[in-house]
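Right, one structure below, let's go through it.
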Amino acid sequence: MASFQISLLFFFFFFFFMIISNSTAQTSFRPKALVLPVSKDSSTLQYTTQFKQRTPLVPVKLTLDLGGQFLWVDCDKGYVSSTYRPVPCRSAVCNQARSKSCITQCFSPPRPGCNNNTCGHSPDNTVTNTGTGGEIGTDVVSLQSTDGKNPGRVVTIQKLPFTCGSTFLLEGLANGVTGMAGLGRSKISLPAQFSDAFSFHRKFAICLSSNGVVFFGDGPYVFLPGIDVSKSLIYTPLILNPVSTAGSFFQGDPSTDYFIGVKSIKVNEITVKVNATLLSINEEGFGGTKISTVKPYTVMETSIYNALTRAFIKATAKIPRVSPVSPFTVCYNSTFIGSTRVGPAVPQIDLVLQSSSVFWRIFGANSMVQVKSDVLCLGFVDGGVNPRTSIVIGGHQLEDNLVQIDLAASKVGFSSSLLFRQTTCSNFNFTSNA
Ligand SMILES: *[C@@H]1O[C@H](CO)[C@@H](O)[C@H](O)[C@H]1NC(C)=O
Ligand SMILES: *[C@@H]1O[C@H](CO)[C@@H](O)[C@H](O)[C@H]1NC(C)=O
Ligand SMILES: *[C@@H]1O[C@H](CO)[C@@H](O)[C@H](O)[C@H]1NC(C)=O
Ligand SMILES: *[C@@H]1O[C@H](CO)[C@@H](O)[C@H](O)[C@H]1NC(C)=O
């Protein structure tokens, strides 16, 4: 009896100790923010990022998808991990994912991506607009924390939810990429999961360039030579599109894309006449303006595109034009265009937001694309009639602008061109100070 009590006591002691040491290990270092590098793939113009996943940890390269529902990776080929766990149907994570599907049976030997009674979702390639079904799983993810100035200690999340895609879904993605890093407006997207894991601010920021950066958490967001961009952002409300804009989704799901309320467009301060109906989102989820990292250039509904290009041509009447180079339609002999700190000296384009004093100003570096040594084109693309979204602000227009998404306050902060402040999105100091 006595010996039983002692061992029981010992057992309790041991158990207690384990719990204590376990939670200490988790709380001893709690990052305030995380950081990921961004690279631009020169052949696809996609922005890619990389972090480590699985056990043993391996680097996973992904196409960055600002509006993407969640992280998805190819589980069909080369997914080896001792810590992969399928997410059961009707579990908390399955609920968070708003899944309405349960994969009751998978008719091959169990492996990541193929398990019985597993929560299902629909991973989609938003570059090619293809989707499929796949199971939701969790695995270890590891990346660097940051103080906003440098990367710091590596942190690990034990059970980060993601969706298993298939090898065919990688078609059209950059070389070496094995999935997409969805940063969209959902509870299981990377920003939401990172904020949950470390209880930091539900904010994140992207800063695109050939060598850019993504911050998860609040600022500072510091770029060499020591400029904290988080201190001087302009804010506009985040708008919810009630109808999903994903390639595949469950009926009734809202969009996970980030929409902002563009009210009008100006060229050299003169308002361009556009059909205002197209600028708001209707009951079917058509219209409006969203921000996208998977469109290399801003895409506009045809009548908006035509109105903008007409106004731009008028404002640049003195500059000799040359034959257009696809996918653009308005091109110039660049030897006749001067240069400024913010790129080619051309009329500025303003996306006017909630009031006439709040606008996203696009300067030459973001409006013009160098297609040949002496040819510069207006870097906007015609999106056709009746597109799903009227204006999709794309990568070229986002480069060297920091864009912060504040999920808690439902607003978007943007910096305008960092070139004005003599820095760029390539200027984050990636030397670790851990
Ligand atoms: C799922 O269950 C069926 C029937 O019990 C079984 O034949 C099959 O091997 C299982 N598949 C997996 C992936 O566990
Ligand atoms: C404006 O766009 C809406 C939606 O496409 C369309 O129904 C309407 O006819 C357009 N108005 C004009 C004046 O073109
Ligand atoms: C641009 O203008 C320069 C100087 O007039 C000329 O030499 C060059 O051929 C022009 N380039 C194109 C693409 O028209
Ligand atoms: C980048 O950060 C490292 C580590 O803090 C520091 O030693 C280095 O001087 C920084 N680089 C520049 C150019 O400031």
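One residue stands out among those in region 36-50 that are on the phi < 0 side of the Ramachandran plot and not in a strand (DSSP E or B): the one that is surrounded by the fewest Cβ atoms within 10 Å (Cβ to Cβ), which is SER43. Applying a threshold of 9 Å to beta carbon distances and a minimum spacing of six or more residues, or different chains, the list of pairs starting in region 106-120 at a residue that is assigned by TED's automatic domain parsing to the domain that holds CYS89 and ending at one that is near ligand 1 (Cβ under 9 Å from one of its atoms) and of a type in the set (Phe, Trp, Tyr) reads CYS114/PHE107. So, of the residues in region 98-143 that are over 29 Å from PHE215 (Cβ atoms) and among the β-branched types (Val, Ile, Thr), which turns out to be surrounded by the fewest Cβ atoms within 10 Å (Cβ to Cβ)? Here the answer is THR104.
Among the conditions (1) part of a helix (DSSP H, G or I); (2) on the phi > 0 side of the Ramachandran plot, the only one that ARG98 does not satisfy is (1).
Being in contact with a strand residue (DSSP E or B) (Cβ under 9 Å, 6 or more places away or on another chain), away from ligand 1 (no atom under 16 Å from the Cβ), over 18 Å from GLY394 (Cα atoms) and assigned by TED's automatic domain parsing to the domain that holds GLN370, is that true of even one residue in region 295-305? For region 295-305, residues in contact with a strand residue (DSSP E or B) (Cβ under 9 Å, 6 or more places away or on another chain), away from ligand 1 (no atom under 16 Å from the Cβ), over 18 Å from GLY394 (Cα atoms) and assigned by TED's automatic domain parsing to the domain that holds GLN370: absent. Checking SER326, SER255, SER303 one by one, the residue that is surrounded by 14 or more Cβ atoms within 10 Å (Cβ to Cβ), hydroxyl-bearing (Ser, Thr, Tyr) and not in a helix (DSSP H, G or I) is SER255 and no other. For region 398-434, the candidate set comprises residues that are assigned to a loop (DSSP other than H, G, I, E, B) and within 28 Å of ARG310 (Cβ to Cβ); within that set, the residue that is nearest to ligand 1 (Cβ to nearest atom) is GLU399. The combined condition, being modelled with pLDDT of 95 or more, in contact with a helix residue (DSSP H, G or I) (Cβ under 7 Å, 6 or more places away or on another chain) and farther than 30 Å from VAL213 by Cβ, is fulfilled by VAL274.
If the condition is being of a type outside the set (S, T, N, Q), part of a loop (DSSP other than H, G, I, E, B) and more than 18 Å from the chain's Cα centre (by Cα), then region 165-204 contributes GLU171, GLY176, PHE200. Number of residues in region 120-164 that are within 16 Å of ligand 1 (Cβ to nearest atom) and either closer than 30 Å to SER230 by Cβ or in a loop (DSSP other than H, G, I, E, B) (or both): the value is 1.
Of the residues making up region 16-32, at least one is at pLDDT below 95, hydroxyl-bearing (Ser, Thr, Tyr), assigned to a loop (DSSP other than H, G, I, E, B) and farther than 30 Å from ASN427 by Cα.
Among all residues of region 371-381, there is at least one that is more than 18 Å from LEU183 (Cβ to Cβ), away from ligand 3 (no atom under 16 Å from the Cβ), touching a Leu at 6+ places or on another chain (Cβ under 7 Å) and in the same structural domain as VAL325 (by TED's automatic domain parsing).
Taking region 239-252, which residues are part of a loop (DSSP other than H, G, I, E, B) and of a type in the set (A, V, I, L, M, F, W, C)? Those that are part of a loop (DSSP other than H, G, I, E, B) and of a type in the set (A, V, I, L, M, F, W, C): LEU240, VAL243, ALA246, PHE249, PHE250. Check whether at least one residue in region 388-397 is free of Cβ contacts under 8 Å to residues at least 60 places away in the same chain and more than 18 Å from ALA307 (Cα to Cα), and report yes or no. Taking every residue of region 388-397 in turn, none turns out to be free of Cβ contacts under 8 Å to residues at least 60 places away in the same chain and more than 18 Å from ALA307 (Cα to Cα).
Among the residues of region 224-239, those that are closer than 20 Å to ILE281 by Cβ and among the β-branched types (Val, Ile, Thr) comprise THR236, ILE239. You will find that of LYS231, LYS266, the residue that is surrounded by 17 or more Cβ atoms within 10 Å (Cβ to Cβ) and not in a loop (DSSP other than H, G, I, E, B) is LYS266 and no other.
The values are calculated or read from the model by the stated rules, or taken from the named source; none is laboratory data. Nothing here was measured: the structure is a model prediction, and the numbers come from that model. Neighbour counts are summed over all protein chains in view; Cβ atoms, including those assigned to glycine, are modelled from backbone coordinates with ideal geometry.
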